[in-house]
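What follows is one structure encoded as structure tokens, with my remarks underneath.
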């Protein structure tokens with residue numbers, strides 16, 4: 001599966017989002033649920049993407065609000081590990097599911 005040009009759903013428990021992967025240097029994330037509440041927070045970010053093995057990627061980006069994100073996206077096993085550094089320096093580790101949006 002080529003992830004470029006596809007959309008994926010991420011469920012991290014406390015947050016749900018979609019990722020629209022434009023290229024290996026750009027994606028748009030849309031947070032659709034946060035702490036059980038429907039939201040619609042969207043941002044297009046510049047990314048760095050490294051393929052660790054087929055269908056396993058490390059993807060990093062920085063958001064406008066100062067958060068930095070490092071994700072290990074395992075498309076074969078449909079798992080995402082998300083590591084977030086908040087603007088105040090707090091570090092958050094999350095694990096969730098990763099599925100193609102049209103599935």
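Observations
- Residue check, residue 3 outside any strand (DSSP E or B) and touching a strand residue (DSSP E or B) at 6+ places or on another chain (Cβ under 6 Å): yes
- Qualifying position, being in contact (Cβ under 8 Å) with a residue 12 or more places away in the chain, touching a strand residue (DSSP E or B) at 6+ places or on another chain (Cβ under 6 Å) and either in a strand (DSSP E or B) or exposed (fewer than 11 other Cβ atoms within 10 Å of the Cβ) (or both), among 50, 39, 59: 59
- Pick from the range 76-92, criterion without any contact (Cβ under 8 Å) to a residue 12 or more places away in the chain and assigned to a loop (DSSP other than H, G, I, E, B), ranking: surrounded by the most Cβ atoms within 10 Å (Cβ to Cβ): 77
- Residue in the range 19-26 that is part of a loop (DSSP other than H, G, I, E, B), farther than 18 Å from residue 92 by Cβ and at pLDDT 95 or above present: yes
The values are calculated or read from the model by the stated rules, or taken from the named source; none is laboratory data. This is a predicted model, so every value here is computed, not measured. All Cβ positions, even for glycine, are placed from backbone atoms using ideal geometry, and neighbour counts span all protein chains on display.
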